[in-house]
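Peer 1: Below are the structure tokens for one structure; questions will follow.
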């Protein structure tokens, strides 16, 4: 079995990993990752009204995006909820609501005509 001497490996121009550089890179990556927000979670079939109260308590703010649809005056799913991005009038009656905390923007998708139920959350920007 042939074992090459480490100095010959370095002589061929192999990259040298210096401990200080590796540590700096890891700390930088950790700092970027920790600055991003985690998506909140809710139990299955959580009513949106309950999720909305939780989001506010966690420091999330409802956001009205410039391209948001207008809520119909008689639609209980979005009435009084400026964060409504869009609500479907057919099918499962899905709605999308937008929320922001720091630099993170999320969507909360719901379904249900009479009572909106949280279906899923999705990151639009700044999540990890």
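The values are calculated or read from the model by the stated rules, or taken from the named source; none is laboratory data. On a predicted model such as this, the values are computed, not experimentally measured, just so you know. Quick reminder, even Gly has a Cβ in these numbers, built from the backbone with ideal geometry, and neighbours come from all protein chains shown.
Peer 1: Within segment 9-21, does at least one residue satisfy the condition of being part of a loop (DSSP other than H, G, I, E, B) and at pLDDT 90 or above?
Peer 2: No, segment 9-21 contains no residue that is part of a loop (DSSP other than H, G, I, E, B) and at pLDDT 90 or above.
Peer 1: Which of the strands (runs of 3 or more DSSP E) found entirely inside segment 50-128 contain at least 2 residues meeting this: crowded, with 17+ Cβ neighbours inside 10 Å and out of contact with any strand residue (DSSP E or B) (no Cβ under 9 Å at 6 or more places or on another chain)?
Peer 2: Qualifying strands (runs of 3 or more DSSP E): none found.
Peer 1: Report whether or not residue 119 is free of Cβ contacts under 8 Å to residues at least 40 places away in the same chain and under 16 Å from residue 56 (Cβ atoms).
Peer 2: No; evaluated as a whole, the condition is false for this residue.
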